[in-house]
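Data block below; observations after.
Where a number appears in this text, it was derived from the coordinates with a stated rule and is not lab data. Model, not experiment: these values are computed from the prediction. Note: ideal-geometry Cβ built from the backbone for every residue, glycine included; neighbour counts use all protein chains shown.
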Amino acid sequence: MDEVLLTSLKLLTPPLVDWLTFSGSASDDVLLFAQAVHLFALVHGRHEPGAWMAASASGCLENAALDWFEDLDLEIRRDWANLRPAMITEFRWDKFTPFAPAAAPEPRV
């Protein structure tokens with residue numbers, strides 16, 4: 001990303017907790033929340049998942065999601081690489097069986 005553009009985005013982007021919350025309700029999309037955390041991190045030059053992303057995300061949690069978060073082990077709470085999949089497992093309401101492509105047709109003999 002161009003350095004001038006990145007600097008501009010940083011100046012224009014309010015703190016994550018000012019515009020993003022996640023309660024864990026069925027109306028919240030955990031995948032969109034995770035994407036927003038990633039984009040926020042990228043704008044701020046944080047390219048690797050870790051404590052900074054986990055802390056940013058945790059500041060946005062409320063209600064059931066905050067209660068759930070506070071009961072997690074520290075190793076999950078402190079690292080986005082652990083927290084993100086735990087959140088998706090817990091709060092993905094549209095759990096479905098992944099699409100399996102149809103079997104290839106048998107060759108003609």
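Label-point separation (nm) for Leu32 and Ala64, each offset 7 Å from Cα along Cα-to-Cβ?
Output for this residue pair reads 1.7 nm.
For the stretch 54-59, what does the Karplus curve 6.51 cos²θ - 1.76 cosθ + 1.60, with θ = phi - 60°, yield as ³J(HN,Hα) per residue in whole Hz, taken in order and with x for Gly and Pro?
Per residue, the Karplus-derived 3J(HN,Hα) values read 5, 5, 4, 5, 5, x Hz.
Amide H neighbours of Thr21 under 5 Å, counting only residues 5+ apart in sequence or on other chains, H built in-plane at 1.01 Å?
Result for Thr21 returns nothing.
Could you please report the charge total around Ser27, scoring K, R as +1 and D, E as -1 over all other residues with beta-carbon less than 14 angstrom from its beta-carbon?
-3
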